[in-house]
Amino acid sequence: MVALRIAVASQKGGTGKTTLALNLAAGLQRRGRTLVLDADPQASITQWVTLGGNTGGLPEVTTLLPDTAFSAEIARKSGECRYLVVDCPPTLQAVNVTDILQNVDVVLVPVQPSPVDLWASVGIVGAVNESRSKNPGLRAYVVLNQLDSRNALSRSMHEALSELEFPTLKAGLARRAAYRSAAMEGTSVYGLGSRGEPAMREIETLIKEILQA
């Protein structure tokens, strides 16, 4: 069976892209063998997993160099697992991002509740549409990240993002210390025990929505 291939991409840094990718992969790992391709030049996921000594149920991570033949690597790894998660470079200008989007099934775009993130997210519509010319089955979704129910801007983001050409998932990630703690400890929110339960439930809800879409 060919893996479900999920890319996590954004047009700017600081959106929580790597945090989403790592915890998403950790949740998927509980459902079947999951592999991660670290295509971000900063190699943050690689460092994250190395910090934890590859323990705590974290998936196997392969670090990709910028000159890697991404399409070939995605095809090869897809035959080895049930789920494949790709952490993209933090810019859509990189040629390899187009290569990635043309070879995955789903792309998730994390967006924080700020005008800057909202403006930046508009640019990814063109990249997705361009990729669909060669990958017509590509599904794209916005994932709201670091939501704060006390923040009026957070509450209005769903309405503002409705102007994009692809949908926003109902499930989003709140601003929680657990996500930062997991990164510092080299684990996922699943590895934090009771400290990570609220965050874990968010990831589980997100995964179920993705798999049912």
Through the Karplus equation 6.51 cos²θ - 1.76 cosθ + 1.60, θ set to phi - 60°, convert the phi angles of the range 39-48 into ³J(HN,Hα) values in whole Hz; use x for Gly and Pro. 9, 7, x, 6, 6, 5, 5, 4, 5, 4
Other-chain or far-sequence residues with amide H under 5 Å of residue 140's (modelled H): 107
The answer for the net charge of residues other than residue 32 whose Cβ lies under 12 angstrom from its Cβ, with Lys and Arg +1 and Asp and Glu -1, is +3
Return the distance in nm (one decimal) between the two label points of a simple spin-label model at residue 91 and residue 169, each offset 7 Å from Cα along Cα→Cβ. 2.7 nm
Karplus-derived HN-Hα couplings along the range 199-211 (A = 6.51, B = -1.76, C = 1.60, θ = phi - 60°), whole Hz, x at Gly and Pro: 5, 4, 5, 4, 5, 4, 5, 4, 4, 4, 5, 5, 5
Within 10 Å, count the other beta carbons around each residue, average over each peptide in 42-50, 20-28, 131-139, and list them highest first. 20-28, 42-50, 131-139
What does the charge count near residue 80 come to, summing +1 for each Lys or Arg and -1 for each Asp or Glu among other residues with Cβ under 10 Å from its Cβ? +3
Could you compute how fast the range 18-113 diffuses translationally, taking Rh as the Kirkwood radius over C-alpha pairs and applying Stokes-Einstein at 37 °C with viscosity 0.692 mPa s? Give it in µm² per second. 242 µm²/s
Taking θ as phi - 60°, what are the ³J(HN,Hα) couplings along the range 73-81 by the Karplus curve (6.51, -1.76, 1.60), each to the nearest whole Hz, with x for Gly and Pro? 5, 4, 4, 5, 5, 4, x, 10, 8
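We did not get these values from a lab; they are worked out from the coordinates using the rules stated. Quick caveat: nothing in here was measured; it's all calculated off a predicted structure. We place every Cβ from the backbone using ideal geometry, glycine too, and count neighbours over all the protein chains shown.
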